[in-house]
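Step one of this worksheet: look at the structure below.
The values are calculated or read from the model by the stated rules, or taken from the named source; none is laboratory data. What you see is a predicted model, and the numbers here were worked out from it, not measured in a lab. FYI the Cβ positions are ideal-geometry reconstructions off the backbone, even for glycines, and counts take in every protein chain you see. These area figures cover heavy atoms from the full protein model, side chains too; ligands, DNA and RNA do not enter into them. Shrake-Rupley method; radii C 1.70, N 1.55, O 1.52, S 1.80 Å.
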Amino acid sequence: MKALVLAGGLPQITLINELKSRGVETVLADGNDQAIARPYADMFYRVNIFDIDAVVAIARNEKVDFVITCCADQVLLVVAQVAEILGLPWYIDYETAKNVSDKELMKKVFVENNIPTSRHVVMAELDMEQIKELKYPLIVKPVDAYSSRGVRKVLNEAELCEAFDNAVEISRNNNAIIEEFCQGEEISVDIFVSDGKAHVLCVSNSEKVKDEDKFVIFRGRFPVAASEELHKKIEVVAQQIADAFNLKNCPMLVQMISDGENVSVLEFCARTGGAMKFLLIRRSCGFDVIKAVVDLTMGKKPQVVLSEPENKYIVNDFIYCKEGVFDRLEGFEELVEKGFLTDFHPLRPSGFVFSGQVNSSGDRVAGITVQADTLEEFNRKHRYIVNNVKVLDVNGNDIMRHDLLPDLE
């Protein structure tokens, strides 16, 4: 068998290895020659993976048995469309994929099905009359972007105009969503739907870089700080979403805001969280979402069997950089050997040019996992890690933003 894998990030390395363990030949397509998953695939095509005609041509030329991705937001829609054109298997049809990938369609379904979400307006041209009932602060974001690209919090009309123009420019269909800001803690809920039943796998906190108007994640923290009652409400909302979108067998990621008592849904997608989330899920409940996606695609129904978390605290931290040309990571392997780090994963290749800005998850250089059974043990390990690792540029300078990795509170 042969598979065409779209996107070449960290999760796709695990996906490719899983496919190869099943005897499947892998063809990787990505827009970047230096995609970190490239060395793991049997064949590589550099291509804009959002170019449907180009992806279809590769799939036909290589005579693949299926097209697949994992943990990738908008790429899900591409796979669904290509699979439908070619009559290949995929766990979600194209029409449903549109509804779960476009924030305008998504919000419409939320409202129609009484799923809690903030008041909002979608438009291609800014019309102040349409938003006169919305209260500042407001959130502006492209309807079809990902990785927090173009997401801004605005306090007044001048900031709104600037953020709106940027969001529309980033959007592939030139639309932006403007919604009321919900105060509270952001919660990331990973789910696997089996025969229509939404099984909650992992509920974690998404902690953001402290910035007045941007929302860039630097940490995924398990477990979430939530009462048993709030956990039940999360489960109810998860099932509401699966029902509203008629999802039968697939992963789901739901991003919510909670005030401690109730939740409001920001957005969701029929996929697992990106970067290292698949590892956080596996360590927190024992379920392997990437294997499950491969099973679904190859016609096998995954069994959702959950286990106890490996440790009380399981945390993924993401490392950002000052301006410079990335060369290598230093000190990480030694800390894995000493037991301070569970693991670390480069997210960018050597030679990648960092601007020094922290605007989206695309600005990360690496991710780490730290595990502990007490808060004190975690912070002791974490402080040692932050003080003893470096991200070196081509001139040997440490360009790591050590300041963006605080203790766990």
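Scaled against the 2.2 N^0.38 Å expected of a compact globular protein of N residues, the Cα radius of gyration of the range 1-101 reads 0.96.
Here the range 249-338 is assigned +1 on the Cβ of each Lys and Arg and -1 on the Cβ of each Asp and Glu. Its dipole about the Cα centre then comes out at about 480 debye. Each DSSP beta bridge with both residues in the chain is either parallel or antiparallel, and the antiparallel ones are about 85%. The residues neighbouring residue 261, those whose beta-carbon lies less than 13 Å from its own, together hold a net charge of -2 under the Lys/Arg +1, Asp/Glu -1 convention.
Simple point charges give the picture: +1 on the Cβ of Lys and Arg, -1 on the Cβ of Asp and Glu, and for the chain a dipole about the Cα centre of about 960 debye.
Give me the lysines in straight-line cross-link reach of residue 141: C-alpha distance below 28 Å, same-chain residues under 8 apart excluded. In chain and number order, the partners are 98, 103, 107, 108, 132, 153, 208, 210, 214, 233, 277, 322. Ligands, DNA and RNA left out, the 1.4 Å accessible surface of the range 303-409 is 45% carbon and sulfur atoms. Mark the label point 7 Å from the Cα of residue 119 along Cα→Cβ and return the residues of the range 178-217 whose backbone N is within less than 16 Å of it. Those under the cut-off are 178-183.
Each Lys and Arg Cβ is given +1 and each Asp and Glu Cβ -1; about its Cα centre, the range 82-205 then shows a dipole of about 240 debye.
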